[in-house]
Amino acid sequence: MRMLLIHSDYLEYEVKDKALKKPEEISEEQKKGRLDEVLAVFVSVEKVDEQNPEEVVEKAVAEIKDVASQVKAQNIFVYPFAHLSSELASPDAALKILKAVEEKLKEEGFNVKRAPFGYYKAFKLSCKGHPLAELSRTIVPGEVKKE
Ligand SMILES: NCC(=O)N[C@H]1[C@@H](O)[C@H](n2cnc3c(N)ncnc32)O[C@@H]1CO
């Protein structure tokens, strides 16, 4: 799994078109979304993650929690983003893992939104620009690499 974490004044998105034959079913309300004072987490789920999804979810949540506490962010936006890796997991596996990350972060007490899966989306992001505002993490079953 590859994650790009951007501490932002806001992230907002608007669904445009389907990017998969069968994207995630969403309500009218989910076609647009916004969070302010947010840690935006752009996530590419990778093929290797399918070997141990539970471990990858656990490690991803631990890394996100760690960064969120460093930048003092309570709001987290989990954003499916198929552009951080050339070894992508299948859409089914990726969606399951992203939903699990979202649920665990909610259980940890964060205010979490997840952008819809399987769509092209317009988005606006306002990076805060401080030294910890732009971070990346690579997680594979068995290890975690930090930038
Ligand atoms: N920018 C727009 C976009 O990325 N759209 C992506 C994601 O929403 C989602 N997606 C499919 N596979 C994956 C994956 N392995 N990891 C994350 N998202 C995925 O499906 C779309 C087409 O690849």
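Quick look at the values:
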| quantity | calculated |
| --- | --- |
| Near pairs, Cβ below 6 angstrom, 6+ apart or cross-chain, from the stretch 13-36 (within 14 Å of Ala115 (Cβ to Cβ)) to any residue that is of a type in the set (Asp, Glu) | Lys32/Glu14; Arg34/Glu12 |
| Members of the stretch 115-147 that are modelled with pLDDT of 95 or more and not in a strand (DSSP E or B) | Ala115, Pro116, Phe117, Gly118, Lys128, Gly129, His130, Pro131, Leu132, Ala133 |
| Among the residues listed as Ala94, Ala82, the single one being among the small types (Gly, Ala, Ser), modelled with pLDDT of 95 or more, outside any strand (DSSP E or B) and more than 18 Å from Ser136 (Cα to Cα) | Ala94 |
| Boolean, Tyr13 is part of a strand (DSSP E or B), surrounded by 20 or more Cβ atoms within 10 Å (Cβ to Cβ) and over 12 Å from the mean Cα position of the chain (by Cα) | yes |
| Near pairs, Cβ below 7 angstrom, 6+ apart or cross-chain, from the stretch 62-90 (touching a residue at least 40 places away in the same chain (Cβ under 8 Å)) to any residue that is within 8 Å of the ligand (Cβ to nearest atom) and among the acidic types (Asp, Glu) | Ser85/Glu46; Glu87/Glu46; Leu88/Glu46; Ala89/Glu46 |
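Conditions tested, residue by residue: (1) within 16 Å of the ligand (Cβ to nearest atom); (2) out of contact with any helix residue (DSSP H, G or I) (no Cβ under 9 Å at 6 or more places or on another chain).
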site: Ser69; (1), (2): no, yes
site: Ser90; (1), (2): yes, no
site: Ala93; (1), (2): yes, no
site: Tyr120; (1), (2): yes, yes
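The values are calculated or read from the model by the stated rules, or taken from the named source; none is laboratory data. Note that this is a predicted model, so its numbers are computed, not measured. Every residue, glycine as well, gets a Cβ built from its backbone with ideal geometry; the counts of neighbours run over all protein chains shown.
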